[in-house]
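Below: the structure, in structure tokens.
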Ligand SMILES: C[S@@+](CC[C@H](N)C(=O)[O-])C[C@H]1O[C@@H](n2cnc3c(N)ncnc32)[C@H](O)[C@@H]1O
């Protein structure tokens, strides 16, 4: 197994796309633009699926800037505990603005916790980037109580997400394979059966459901800005960025309303399992 704790952000190199590693500036844009456009809408369904209750000890794996952990804190109350874990310093720097959650640097494959520590483990749109998913699932089970609950959210397939299928195609034609792979990577766990089989290696009563969601951006400019400057392609040159934006304005109009606002289906898989 490669050392998952050695994952580095892509501040200068542009690497780390398939590991979901962003630069510090991108983490700020992720928080301000990506969360409202795409991620915030899943926080409630993920925590509902996990049946989070007052007093729960909850671990959010791949917490990013902390969308799930922040809301979990309000649900577990004063007697509960929420820990947010992520390998990316830029993401955690934003997350640390919220007090009350314990923010930890680390990777899913090597959780820095004792056995049987948590009642609930959740991971929202992070598992696609893990270096060793089987090991991560073993680790989740190890740190959970016998009656613990796990909830994993991944994106459904790219073919069910027309806006991103179009962006990936546009990036491929304009800027080549590496650029398009950066936005294809989040869609590499869209198969319900595969996700269910993976969790069944460690958990019981596993159920995987595809749930409808919607991506919403104020404009095409806003969409391109978020996807490029708020994720792993954030060091794209201004020249390439402007070429992409010009093409997006002519080729992605099918996703815009008269007002110029963008929306398209963005479904997710939500997998639920029980411990041991
Ligand atoms: C798309 S973000 C999701 C963040 C957050 N859960 C949310 O819903 O906004 C994916 C996160 O997975 C993290 N990640 C990547 N590899 C990881 C690993 N091996 N273990 C834990 N987290 C990882 C990234 O650093 C990134 O913060």
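What follows draws every value from the coordinates through simple rules; no lab data is involved. This structure is a prediction, so every number in the text was calculated from the model and none was measured. Ideal geometry is used to build each Cβ from the backbone, glycine not excepted, and the neighbour counts take in all protein chains shown.
With r defined as the distance between the Cβ atoms of residue 53 and residue 207 and R0 fixed at 25 Å, what FRET efficiency is calculated, to the nearest 0.05?
With R0 = 25 Å, the Cβ-Cβ based efficiency is 0.85.
Per the helix-only calculation at 222 nm, which mean residue ellipticity applies to the chain, given -39500 (n - 2.57) for every DSSP H run of n ≥ 4 and division by its residues, nearest 500 deg cm²/dmol?
Details: 10 runs with 96 residues, N = 276.
Only helices count here, giving -10000 deg cm²/dmol.
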Open item on the list: Please arrange 180, 63 by how many other C-beta atoms lie within 10 Å of their C-beta, fewest to most.
Closed with: 180, 63
- [ ] Pull out the extension gain between residue 102 and residue 18, defined as 0.36 nm times the separation in residues minus the alpha carbon to alpha carbon distance; nm, one decimal.
- [x] 27.6 nm
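If each residue of separation counts as 0.36 nm, what is the full-extension length gain between residue 147 and residue 197 once their alpha-carbon separation is subtracted?
Working: separation 50, 0.36 × 50 = 18.00 nm, distance 2.00 nm.
Net length gain for the segment: 16.0 nm.
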- [ ] Once you have the Cα-Cα distance between residue 253 and residue 178, take 0.36 nm times their residue separation minus that, and quote the gain in nm to one decimal.
- [x] 24.6 nm
- [ ] Specify the inter-centroid distance of the range 87-145 and the range 237-276, based on alpha-carbon positions, in whole Å.
- [x] 27 Å
Task: Rounded Å value of the spacing that divides the Cα centres of the range 146-177 and the range 11-84 - done: 18 Å
Task: Packing-based exposure ordering (other Cβ within 10 Å, fewest first) of 240, 197 - done: 197, 240
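By DSSP, what percent of the beta bridges with both residues in the chain are antiparallel, rounded to the nearest 5? Let's see the in-between values first.
On the way: 18 of 36 bridges.
Of all bridge pairs located within the chain, approximately 50 percent are antiparallel.
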- [ ] Would you mind ranking 221, 54 so that the residue whose beta carbon has the fewest other beta carbons within 10 Å leads the list?
- [x] 54, 221
